[in-house]
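*Asks:* Pasting in a structure now, in structure tokens, and then I'll have a few things to ask.
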Amino acid sequence: MRLSLIAAVVAYASVASAAISWSLQKSSSPTADQAEAYKLIEAAMTKAVARYARFTNAAKTIRVAYSPGVPTAEANINGDLRFGSNRAYMTERTAMHEIAHTLGVGQTSRFDQNCASGNWPNALPLLRSFDGNSAKINCGGGHFWPYGLNYETEWSETNGNRHVQMVDAMIKDGIGSR
């Protein structure tokens with residue numbers, strides 16, 4: 001009985017933590033630059049995915065790469081996420097922002113439609129529970145604010161948690177798939 005309970009807990013933990021999975025493409029013989037970048041990217045992605053796992057059950061397989069030619073970082077709904085050589089963007093905040101793009105933020109016609117119409121039946125009430133009845137979701141350039149984590153200056157533990165909750169609500173509003 002005790003062993004089956006432990007097995008059930010382990011199975012649940014595996015399912016719950018595996019909703020967003022990622023892998024980092026690495027050189028088999030990394031340069032010093034690549035090795036340092038890989039370490040920073042792995043730390044950022046590990047923290048970001050753990051935070052997403054706490055606040056959403058969205059599922060995505062993400063392929064991460066170090067691509068020095070990318071000015072900051074970029075991602076698309078296909079699950080490709082690339083970090084450039086600027087170490088200032090190899091952070092949990094940037095990883096979370098880019099994960100949001102893989103989930104549909106700024107990547108789908110439905111995101112654009114919801115932004116244009118202000119039709120956010122789940123995300124807008126959530127935002128107003130955070131910031132008051134006059135709060136509104138702003139969109140532009142494939143991004144949203146507040147809580148879009150578009151800049152490092154927006155980072156805080158609270159904003160990180162709210163970011164994931166907003167993305168989850170936007171997914172419920174149809175911007176991507178679970």
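The values are calculated or read from the model by the stated rules, or taken from the named source; none is laboratory data. Predicted model, so just to flag it, every value in this text is computed and none were measured. Using ideal geometry, Cβ is built from the backbone for each residue, glycine included, and neighbour counts are taken over all protein chains shown.
*Asks:* If I go through segment 115-139 residue by residue, how many of them are farther than 18 Å from ARG51 by Cβ, more than 18 Å from the chain's Cα centre (by Cα) and assigned to a helix (DSSP H, G or I)?
*Replies:* Number satisfying all stated conditions: 8.
*Asks:* Pairs please, first residue from segment 95-114 and within 21 Å of TYR151 (Cα to Cα) and part of a loop (DSSP other than H, G, I, E, B), second anywhere and of a type in the set (S, T, N, Q) and modelled with pLDDT of 95 or more, Cβ atoms under 8 Å, 6+ apart in sequence or on different chains.
*Replies:* So the pair list comes out as GLN107/ASN76.
*Asks:* What are the pairs, 6+ residues apart or on separate chains, where a residue within segment 55-77 that is over 16 Å from SER23 (Cβ atoms) has its Cβ under 8 Å from a residue that is outside any strand (DSSP E or B) and among the acidic types (Asp, Glu)?
*Replies:* Correct list of pairs: PHE55/ASP168; THR56/ASP168; ALA58/ASP168; PRO68/ASP33; ALA73/GLU98; GLU74/GLU98.
*Asks:* Determine the pairs where a residue that is in contact (Cβ under 8 Å) with a residue 12 or more places away in the chain and within 16 Å of PHE111 (Cα to Cα), located within segment 145-173, has a partner that is assigned to a helix (DSSP H, G or I) and of a type in the set (Asp, Glu) with Cβ atoms under 6 Å apart, the partner being 6 or more residues away or on another chain.
*Replies:* Matching pairs, first to second residue: none at all.
*Asks:* Testing ASN161 on (1) assigned to a loop (DSSP other than H, G, I, E, B); (2) at pLDDT 95 or above, one condition comes back false. Which one is that?
*Replies:* Every condition holds for ASN161 apart from (1).
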